Amino acid sequence: MQKLPKHYDTIIVGAGIIGCATARFLGQYNLNILVIESQDDVSCGASKANSGIVHAGYDCYPGTLKAQLNAEGAAMYPILAEELDFPFKTNGSFVLCFNEEDHHKIIALYERGLTNNIPDLKIITHEEAYNLEPNLAPNLHSALWAQKAGIVSSYEANIAFAENAAVNGVEFLLETSVINISQKSKEIDSAQSFTVETTQGTFFTKTIINAAGLKADIINNYINDTTETILPQRGQYYLLDNAHRGFVTRTIFSLPGSKGKGVLIAPTVDENTLIGPNAEDSNDTQTTRSGLDEVLEKAKMSVSNLPIHGRITTFAGVRAKHASKDFVINEPISGFFNALGIDSPGISAAPAIGKKLAQMVADKLNPGLNPGYNPGRLGIKRFSRLSFAEQAALISENPQYGHVVCRCETVTEAEIIDSIRRPIGAGDLAAIKRRTRAQMGRCQGGFCSLKLSEILSKELGVSEEYIWTC
């Protein structure tokens, strides 16, 4: 275990995108901050297994936190993607209407979007929709076009937030579970002090941010007399090979139902095609035949000639819902801040939620600014995205860029090593996958995983057997 101080100004529980975005914004202050995560890496929960959609914000009910923070967060993504060097694209989205009788629902969504101050919304005819997306299912009546909707690699954004926070002095403690929280009887520096017991020792802090996702109710209930309950909801997905890039260029939604926005068909920032999710009351991340069949059946109602033969993997994610059907961001006890029920549009709202929580802590502690704060971060150089001349120049500087490890995604040895040596570096095969895309291609690691374990073994000073069994 790394040697850490015992006393902190703020402890963040959870290193998903909410916890890490909050850590990133708190890094601008002169504070001692610790992020505690039960998994062996950041972005291991819902933040890695979701649709990767930055929703425009027309769907959220006006006046809710979801409506406010979705709009704010979506507007922040282009700037943050530039500052922190993670993939983001503004690709737009359609909501499809196939019956004239349902057209009033499209109008209602449009008007809700106007109330939420969402820019560049337009209701279009079926002719206009087919001209833009020729693979839509026949008999379309109309569509709502949200031109500012986007797509993002949520786990890469999560990692970027974490790395930037770490560079600005935030500590991370992984593979550590919080087992109890209690209040001390006295105040320290005019802030309530808490004792946080973990599987790696006890820590003391002036403030706590509960960003524990599916376990946020447990963290809340350690300290708060008001009991909360998180309702897990599983969504299953197909992912298609990028050989089918361009099947759709915008995110395609059906009209929303009682369980959410329904099954979507969307491009990813890496030019795969994503199909899903369904909605099941479950906390199991295994896929099921019935669930995937449901996804496929509903997707075929929105598009024609779906190239499902090009699927390369299936997966499931579990989102944390709250009975209020809204985000719950509050301070039930002085110095204890909750982020509960951050389900869809949680990825879209994540930057705004992080900024809001950071401001709540700053208002409580009134800290000075971090004199060495660096708002920027350079990501891993993506060899496959460079021109031939740029690739040649890299290889001349570092011959390891000439060693392609992952053939499907053209990921080089230099990129793998960089992913391991970075702040909060990759410590296993899954962490390399999230940082470099090695193992994400057509063979799903069948070719490159042995070479990856060899590089990990050498870089970490552990046996390859340990890599495969840890």
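If a helix is a whole DSSP H run, which ones in the chain reach 27 Å or further along their own axis (Cα) and hold a mean Kyte-Doolittle hydropathy of at least -0.5?
Values: long enough: 346-365 (28 Å, 0.49).
TM-like helix candidates: 346-365.
Equivalent ellipsoid of the range 330-442: semi-axes from √(5λ) of the C-alpha gyration tensor, largest first, are 39, 18, 12 Å. Taking amide hydrogens as placed 1.01 Å from N in the peptide plane, the amide H of residue 311 sits under 5 Å from those of 241, each at least 5 positions away in sequence or on another chain.
Residue 141 exposes around 60 Å² of accessible area when a 1.4 Å probe is run over every protein chain in place.
State the extension gain, in nm to one decimal, for the chain segment bounded by residue 64 and residue 139, taking 0.36 nm per residue of separation less the distance between their alpha-carbons. Before the final figure, lay out the partial values.
Details: separation 75, 0.36 × 75 = 27.00 nm, distance 3.47 nm.
Taking residue 64 through residue 139 to full extension adds about 23.5 nm, to one decimal.
Would you kindly calculate the translational diffusion coefficient of the chain, applying Stokes-Einstein with the Kirkwood radius from alpha carbon pairs, for 25 °C and a viscosity of 0.890 mPa s, and quote it in µm² s⁻¹ without decimals? Translational D for this selection: 106 µm²/s.
Close amide-amide hydrogen proximity is noted between residue 207 and 10, 11, each under 5 Å apart and 5 or more residues distant or on a separate chain (H modeled in the peptide plane; Pro and chain starts excluded). Applying a DSSP loop filter and a limit of 15 other Cβ atoms within 10 Å to the chymotrypsin sites (Phe, Trp or Tyr not before Pro) in the range 351-417 leaves 373.
3J(HN,Hα) along the range 374-381: 10, x, x, 7, 9, x, 5, 5 Hz, from the Karplus curve 6.51 cos²θ - 1.76 cosθ + 1.60 with θ = phi - 60°, whole Hz, x for Gly and Pro. In this structure the chain gives 43 Å² per residue of accessible area when probed at 1.4 Å with all protein chains present. Ligands, DNA and RNA left out, the 1.4 Å accessible surface of the range 271-361 is 46% carbon and sulfur atoms. In the range 383-469, the portion of solvent-accessible area held by carbon and sulfur atoms comes to 53 percent [1.4 Å probe, whole percent, DNA, RNA and ligands not counted].
Working out 0.36 nm times the residue gap between residue 255 and residue 32, then minus their Cα-Cα distance, what length gain in nm do you get to one decimal? Intermediate values should be presented prior to the final figure.
Values: separation 223, 0.36 × 223 = 80.28 nm, distance 4.60 nm.
Value of the extension gain: 75.7 nm.
Taking all protein chains in place and a 1.4 Å probe, what share, in percent, of the accessible surface of the range 97-214 do carbon and sulfur account for? Carbon and sulfur atoms account for 45 percent of the accessible area of the range 97-214. Computed from label points 7 Å out along Cα-Cβ, the spacing between residue 450 and residue 469 is 2.0 nm.
Debye calculation, C-alpha points only, no solvent: report log10 I(q)/I(0) for the range 217-281 at q = 0.18 Å⁻¹, in the same order as the q values. Debye output, listed in q order: -0.72. Among beta bridges identified by DSSP and lying wholly in the chain, the antiparallel ones come to about 75 percent. A simple spin-label model places the labels of residue 334 and residue 114 4.7 nm from each other, with each point 7 Å out along Cα-to-Cβ. Radius of gyration (Cα atoms) of the range 383-469, expressed as a multiple of 2.2 N^0.38 Å: 1.05.
The values are calculated or read from the model by the stated rules, or taken from the named source; none is laboratory data. Predicted, not measured: the structure shown is a model, and the values here were computed from it. All Cβ positions, even for glycine, are placed from backbone atoms using ideal geometry, and neighbour counts span all protein chains on display. Areas reflect the complete protein model, heavy atoms only, side chains present, ligands, DNA and RNA absent. Shrake-Rupley method; radii C 1.70, N 1.55, O 1.52, S 1.80 Å.
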